[in-house]
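Here is the structure we will look at.
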There are 2 protein chains.
Amino acid sequence: MPEYTGYVGQSLEFLKSNDIVVGDSVKILSDLTYSGIVMPRYEHSDDKHIVLKLNSGYNVGLEIEKIKKVEKNKTTQKIVEKNEKIEHSQGLPKILLLSTGGTIASKIDYRTGAVTPVLTAEELNSSVPELAKIANIDAQVLFSEYSENIMPEHWLGIAKKVNEFEKSDYSGIIIAHGTDTMHYTSSFLSFALAGFPIPIVLVGSQRSSDRASSDAALNLIGATKFITESNPKGVYIVMHQDENDNTIACHLGTRVRKNHTSKRGAFQTIGDNPAFIIAENQILKNFSKDYFKINGYQPKINLDTKVALVKYHPGYDPNLLNQIIEMGFKGIIFEGTGLGHIGKTMYESVKKANEKGIFLGMTSQCIDGRVRMTVYESGRDLLDLGIIPLENMIPEVALVKAMWVFGNYQDSEEIKKIMLQNIASELTD
Amino acid sequence: MPEYTGYVGQSLEFLKSNDIVVGDSVKILSDLTYSGIVMPRYEHSDDKHIVLKLNSGYNVGLEIEKIKKVEKNKTTQKIVEKNEKIEHSQGLPKILLLSTGGTIASKIDYRTGAVTPVLTAEELNSSVPELAKIANIDAQVLFSEYSENIMPEHWLGIAKKVNEFEKSDYSGIIIAHGTDTMHYTSSFLSFALAGFPIPIVLVGSQRSSDRASSDAALNLIGATKFITESNPKGVYIVMHQDENDNTIACHLGTRVRKNHTSKRGAFQTIGDNPAFIIAENQILKNFSKDYFKINGYQPKINLDTKVALVKYHPGYDPNLLNQIIEMGFKGIIFEGTGLGHIGKTMYESVKKANEKGIFLGMTSQCIDGRVRMTVYESGRDLLDLGIIPLENMIPEVALVKAMWVFGNYQDSEEIKKIMLQNIASELTD
């Protein structure tokens, strides 16, 4: 049965009239001559293009109307799995690539047309031939999960694996990761592996490999260049800076957020420019401080998930907060409004939480800017009720930090102290 | 007892050595000559400036080091309350100013140095003399609450009051409102008063009146100009566009968010430029569609707060969702990750919620961008579990819309339909 996965309307007609199916090797004359393999498309793709995987490994979308000539190669090659071991070159720096899954490590399911996370770290490496010219990359698969299914237990798994390489000859560690919760993972690694001697760089992609516009290769190359050329300690997220392919942004792992559902430049450093910009021939440095604010390497790879994130809004039912208190949560991170406020209707419940010894931290749902609870009477009331203002910590980062703190510290005064201590640039001026 | 509220260090020394207290009328020679009344400062202000309320009504911060000469007016005027009725000018458009409280309607408490919401709408009007040249403004106080204490009942109160003026000779209605939850209120008014015949403009300020940099006056003037010169139907939020005073932004009330805790340009239109920019002598129009997508004026001023906002994160305890189900919530708005995902650990609880007939809507914690749940298997699983993708609706707006929908509709199919129907530009291309 011929395969046309994802092709509809004009593009389906085009394939049929040229006797071409998905997987065929073709030569197409358009503005240039393209040789490659016809790739499947998504269910909801337009019908104006066909997508070709070029021999270089890149995908390109070709507009049907501009195609002048199509030649089918006589010996039709099916898409081959590239599992071969990459040759290492002498003298190049060594990098460890750990794969956890996500779009960056995805292949198309030919049956459903859907994207599923099955590409191995080795395949990921070999699918971007440029990498071998910059570094000798060893690849390992940790697991294969989209990041909406990455749980705190996975954070522990990643941290323990990375910790094994404290004393190694790697220049840095790249972690291929789904983008949905990449910033939660980068936060956890920042606290759990504070002071780790070589850079830890999380990299993902917003567009899967059946799209002509996949950002996977450039993000991986950017991460590799960042490690080999810049190499500062810390945990970073490396992704496209915007929609164009010229600049890759390198964000501090505790100051970054996925701020768009689909754009390639979805990740943004909150309240500042990205720490580094990786351009064609140079790395622009916007961050010149130490990422880690503690001395030496002090791994603390534990956590406790009994922390709740409470995003306040008008009409928030205080009984919901009462339930959280009853359920035995040890900490509550509020996403308050503005400078760090919640309505008076919440005060009774907050008082109860405080009396139970629950840690109460305040962040802002504005996301950018600093909470400041001394300006208005609401803020002062909340300070009196025992809520700790968490400066300009991003709500998600405060949540992850609290999980980490509760896994590693018991004393309530120490917990408060550590929550406000700048460990991994989670607090900035 | 002499008053020096908020002055410390150098600035306190300066006042004492010149025999000046807060409330004194002075003439100060610096780069220019300033005449005005010495204002109190905040507890945490720097000690390098003194703040003067000029006779024009504006505040100015004067650097002590640059002050060449200080003269105290012999007849010390205490700050007077301006309660006098403003004279109306013939031929100017009429605007109704409703005050609900917030920083924009605040005065300094001389005892504590704190800002409290007590300024009346009449005082607000008379404190900005420019307004009387643009429009004849009638002022009413609805209540006096900071917006972290504005509850859904207040939304109803505002909507009912505005509804009284459906058939009036006002060109528009300005609502002075605290900034913390102003975007929640603008969303509710957009749905409850869909089709209202004259513009409803919410205006606030980020800096209270004891600061030299208060943005209250310019935002009020901007709102007034917007109504008198542009005058499109709809619900808008008018605030500074950025830190400078040259441009005031006018945002669609369902597409805006407070994205910074303290900046004057804290409000941002999500995923687009502001609908209008109010500059010195012109209004730039970026939005040319109808704000309301329904015909005629169809007020529906009811709501039901039994809707929960669930912001998913790794480690989110599904038992918390179970509690929400048990507590009888009618709707749950998820703030999922990325394109609209939550982890597999949540599926059992989501299934339970769906079986109970609870409305389940998906938005993204990325805030910008569209949810799209057909791309990855997680999304498709969640669609199968009955979750409705809410396009690019902002999470907070989806929450308010659901509260409004549950207050006005009973049938579950109709509820789903209305949640996805574009009523007040809450969905954009």
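Any idea what the alpha-carbon Rg over 2.2 N^0.38 Å comes to for chain A?
Here the answer is 1.11, to two decimals.
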Inset, instruction - Quote the relative contact order of chain A in percent (integer), defining contacts as alpha-carbon pairs under 8 Å separated by 6+ residues. - result: 11
Legend entry - Loop-resident sites, segment A:162-261, for GluC sites (Glu not before Pro), counting at most 14 other Cβ within 10 Å (DSSP): A:E164, A:E166, A:E243
Inset, instruction - Calculate what fraction, in whole %, of the accessible area of segment B:272-384 sits on carbon and sulfur atoms when a 1.4 Å probe is rolled over the protein chains. - result: 42
Inset, instruction - Mind running the shape call on segment A:94-285? Use the C-alpha gyration tensor, a ≥ b ≥ c as the square roots of the eigenvalues: rounded below 1.5 for a/c, prolate if a/b tops b/c, oblate otherwise. - result: rounded
Inset, instruction - One decimal, nm, shortest first: give the distances between the label point of A:K293 and those of the same position in the other copies, each label point 7 Å from Cα along Cα→Cβ. - result: 4.5
Inset, instruction - Under 14 Å from the Cβ of A:G234, count the other residues' Cβ atoms, weight Lys and Arg +1, Asp and Glu -1, and hand me the total. - result: +3
Inset, instruction - Compute the distribution of all C-alpha to C-alpha distances in segment A:9-72, in bins of 10 Å from 0, and list the percent of pairs in each, rounded to whole numbers. - result: 23, 63, 14
Inset, instruction - Please sort by residue number the trypsin sites (Lys or Arg not before Pro) in segment B:267-345 whose DSSP state is loop and whose Cβ has at most 14 other Cβ atoms within 10 Å. - result: B:K289
Inset, instruction - Just order A:405-414, B:21-30 by mean Cβ neighbour count inside 10 Å, highest at the front, would you? - result: B:21-30, A:405-414
Legend entry - Rounded to 10°, Cα long-axis angle of helix A:395-408 versus longest principal axis of chain A: 70
Legend entry - Area hidden from solvent between B and A (accessible, protein heavy atoms only, 1.4 Å, total, Å²): 5400
Legend entry - Amide H contacts of A:F267 (H built 1.01 Å from N, under 5 Å, at least 5 apart or other chain): A:N259
Inset, instruction - Please work out how much accessible surface B:T305 shows to a 1.4 Å probe, ignoring ligands, DNA and RNA, in Å² rounded to 10. - result: 50
Inset, instruction - Taking a label point 7 Å out from Cα toward Cβ, give me the nm distances from A:E355 to the same spot in the other copies, shortest first, one decimal. - result: 3.8
Inset, instruction - Place the label 7 angstrom along Cα→C-beta at A:Q282 and in each other copy, then list the distances from the first to the rest in nm, shortest first. - result: 3.7
Legend entry - Residue-wise HN-Hα coupling along segment A:368-381, computed from phi with Karplus coefficients 6.51, -1.76, 1.60 (Hz; x: Gly, Pro): 8, x, 9, 6, 8, 9, 9, 7, 10, 5, 4, x, 5, 4
Inset, instruction - With 29 Å as the limit, write out which pairs from A:K352/A:K416; A:K417/B:K352; B:K289/B:K416; A:K344/B:K258; A:K53/A:K160; A:K16/B:K417 have Cα-Cα distances beyond it, or answer none. - result: A:K417/B:K352; A:K53/A:K160; A:K16/B:K417
Inset, instruction - With everything on Cα atoms, drop me the angle between helix B:216-225 and the longest principal axis of chain B, reported from 0 to 90° to the nearest 10. - result: 60
Legend entry - Nearest 10 degrees, 0 to 90: helix B:152-163 Cα axis against chain B principal axis: 80
Legend entry - Residue pairs, from the table A:K69/A:K263; B:K72/B:K133; A:K306/B:K311, whose Cα atoms sit over 27 Å apart: A:K69/A:K263; B:K72/B:K133
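The values are calculated or read from the model by the stated rules, or taken from the named source; none is laboratory data. It should be emphasised that the depicted structure is a prediction, and the values quoted were computed from it without experimental measurement. Here Cβ is always computed from backbone atoms with ideal geometry, including for glycine, and neighbour counts include all displayed protein chains. In case anyone asks, the SASA skips ligands and DNA or RNA and just uses the protein heavy atoms, side chains included. Shrake-Rupley method; radii C 1.70, N 1.55, O 1.52, S 1.80 Å.
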